[in-house]
Amino acid sequence: AELERTFIAIKPDGVQRGLIAEIISRFEQKGYKLVAIKLVVPSKEFAQKHYHDLSERPFFNGLCDFLSSGPVLAMVWEGEGVIKYGRKLIGATDPQKSEPGTIRGDLAVVVGRNIIHGSDGPETAVDEINLWFKPEELVNYTSNAEKWVYG
Ligand code: DAT
Ligand code: MG
């Protein structure tokens, strides 16, 4: 399997609502491989780095306050097409527009509390993985299921 990786984070609302297991299950059951995971409370400065692309948006300050308001479950998932398909599993940014069956469509109601983050492309995936994780926190291993997921 191709070594594509994406950064996925369950935001403080998803953690507090008890949705960690539900969200992890969706990536796990799809056939993706978990290669890093940790629970962290990011500082506001860290949140601003994570969302630097959005610094001109009117909701930026509130967004960074929110991300740094409590524990965030930071993860790296690996698999073929995981960046793009991970975004499909997550659903549209605004849960009002997310399809049923997606994480945001099934589990969230408003854009400011949309419970999960996923990298939006190959460059941001690399940047976000490097921002949130040290290289030694990424675990290289062979999943026993790989030959059944990929054939
Ligand atoms: P996504 O998280 O789907 O990649 P994004 O990168 O455009 O979406 O925005 C990052 C987060 O900012 C998003 O998950 C929720 C928040 N956000 C986006 N648009 C918003 C808006 N119009 N009002 C309030 N929060 C918003
Ligand atoms: Mg984004």
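The values are calculated or read from the model by the stated rules, or taken from the named source; none is laboratory data. The shown structure was predicted, so the numbers you read here are calculated from the model rather than taken from an experiment. Here the Cβ is made from the backbone with ideal geometry for all residues, glycine too, and neighbour counts use every protein chain on show. Just the protein is used for accessible areas: all its heavy atoms, side chains included, with ligands, DNA and RNA removed. Shrake-Rupley method; radii C 1.70, N 1.55, O 1.52, S 1.80 Å.
What to note about this one:
- Pick from region 113-126, criterion open to solvent by 40 Å² or more (accessible area, probe 1.4 Å) and of a type outside the set (A, V, I, L, M, F, W, C), ranking: nearest to D13 (Cα to Cα): R113
- For region 23-43, a residue qualifies if it is surrounded by 14 or more Cβ atoms within 10 Å (Cβ to Cβ) and farther than 19 Å from T93 by Cα, and the qualifying residues are E28, K30, G31, Y32, K33, L34, V35, A36, I37, P42.
- Residues that are in a loop (DSSP other than H, G, I, E, B) and touching a helix residue (DSSP H, G or I) at 6+ places or on another chain (Cβ under 9 Å), drawn from region 54-73: S55, R57, F59, S68, S69, G70, P71
- L73 satisfies every condition listed in (1) out of contact with any Asp or Glu (no Cβ under 9 Å at 6 or more places or on another chain); (2) closer than 16 Å to F7 by Cβ; (3) within 15 Å of ligand 2 (Cβ to nearest atom); (4) not aromatic (F, W, Y) except (3).
- Screening M75 on (1) surrounded by fewer than 13 Cβ atoms within 10 Å (Cβ to Cβ); (2) closer than 30 Å to Y141 by Cα; (3) in contact (Cβ under 8 Å) with a residue 24 or more places away in the chain shows it passes everything except condition (1).
- Within region 20-43, residues that are free of Cβ contacts under 8 Å to residues at least 60 places away in the same chain sit with their Cβ atoms under 8 Å from residues that are open to solvent by less than 40 Å² (accessible area, probe 1.4 Å) and among the hydroxyl-bearing types (S, T, Y), at 6+ positions apart or across chains, in these pairs: V41/S68; P42/S68; S43/S68.
- Any hit, region 56-70, residues being small (G, A, S), within 23 Å of E123 (Cα to Cα) and either open to solvent by less than 40 Å² (accessible area, probe 1.4 Å) or modelled with pLDDT of 95 or more (or both): no
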